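Here the structure comes first, spelled out in structure tokens, and everything after it is commentary.
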Amino acid sequence: MRILVTGAAGGIGTQLRPRMARDGRVLRLLDVVPVEPGPGEEAITADITDPEAMAGAMHGVDAVLHLGGHSTEQPWADILDVNINGTYVVLEAARQAGVQHVVLASSNHAAGFHPRTAEAPDYLFPRPDTFYGVGKVAMEALGSLYHDRYGLAVTCLRIGSCFPRPKEPRMLSTWLSPDDCARLAEASLVAEGFHVVWGVSANTRRWWSLEEGRAIGFEPKDDAEVYARELIAQHGEPDPDAMAHALLGGSFCRPELDVDNLTTRKR
Ligand code: 15L
């Protein structure tokens, strides 16, 4: 089996590589920056917005794990080009090559302006907190279209916070451990149909449903709670009324990310 991983040099790609290595499996690592392939790996330096390069990258591929794109808020033109058009180019190249399974790295920020509840359901209606979040909503919409129109199996992962360990108290709720991320990727790569699944570990303070994840065979094993004492000693108890905990997207909802501020910041 050959899996094309876009954005392979990014944070999630780097954490997944060793965890997804298998005998008889080739990981084809694609990024705009060069990646040094290890055993069982191939590397392609290419831009996900380049249709010709993506068509070439699909040769001999059984499944795509699309992690490429900006991972934080950016000016609209960049989100449109890389995150939205890039996802279209990846899906279209996959379709033309007859690739059956595509996994799309969406984000909790597709629904970031929803107030926190005890457990947000699967398929929570989009409520993006940023242009970045809008890009993830568009990604999910494109995945849905390519499933319904062309029959691709597409699983969209609304990833929480995927880091080696939770960095601040919000992540006691939103953390997706690297091992659980690999478990989720494995389940998603063989799932049939179309799914939108929360990418979160079995955190005691979790805000999101695990039902749809479990329905496709994802069983998370980690719990951020083991870091709670240390994080709370450092940062204090989470304030349920503070933006970081009151809205699903946390600090992505803050006014500093308003378009005027963003444009000024980028100039
Ligand atoms: C994301 O979608 C970002 O890519 C990542 O950098 C984190 O900020 C994460 O969400 C989060 O919500 O913690």
For the chain, the per residue accessible area (1.4 Å probe, Å²) is 44
Relative contact order for the chain: what is it in percent, counting Cα pairs under 8 Å that are at least 6 residues apart? 17
Could you sort 204, 6 by accessible area so the largest value comes first, with the probe set to 1.4 Å? 204, 6
Projected label distance in nm at residue 243 and residue 118, using a 7 Å step from Cα toward the beta-carbon: 2.9
Leaving out ligands, DNA and RNA, and with a 1.4 Å probe, what % of the accessible surface on the range 28-122 is carbon or sulfur? 54
Calc'd 3J(HN,Hα), the range 237-242, phi into Karplus 6.51 cos²θ - 1.76 cosθ + 1.60 (θ = phi - 60°), Hz, glycine/Pro = x, comes to 5, x, 8, x, 8, 6
Between residue 141 and residue 59, what length in nm is gained on full extension when 0.36 nm per residue of separation is reduced by their alpha carbon distance? 27.0 nm
Suppose R0 equals 25 Å; then what is the FRET efficiency for residue 23 and residue 47 from their Cβ-Cβ distance, rounded to the nearest 0.05? 0.20
Helix-only [θ] at 222 nm, the chain, -39500 (n - 2.57) per DSSP H run of 4+, per residue, nearest 500, equals -9500 deg cm²/dmol
Determine the gain in length on full extension of the stretch residue 179-residue 81; use 0.36 nm per residue of separation and subtract their C-alpha separation, reporting nm with one decimal. 32.2 nm
Total formal charge among the other residues, if their Cβ is under 14 angstrom from that of residue 40, Lys/Arg +1 and Asp/Glu -1: +2
At a probe radius of 1.4 Å, what is the per-residue accessible area of residue 101, in Å² to the nearest 10? 30
Spatial separation of Cα centroids for the range 204-260 and the range 70-111, in angstrom: 24
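The values are calculated or read from the model by the stated rules, or taken from the named source; none is laboratory data. Keep in mind it's a predicted model, so treat the numbers as computed, not measured. As a convention, Cβ positions derive from the backbone with ideal geometry for all residues, glycine included, and neighbour counts pool all protein chains shown. Only protein heavy atoms, including side chains, enter the accessible area calculation; ligands, DNA and RNA are left aside. Shrake-Rupley method; radii C 1.70, N 1.55, O 1.52, S 1.80 Å.
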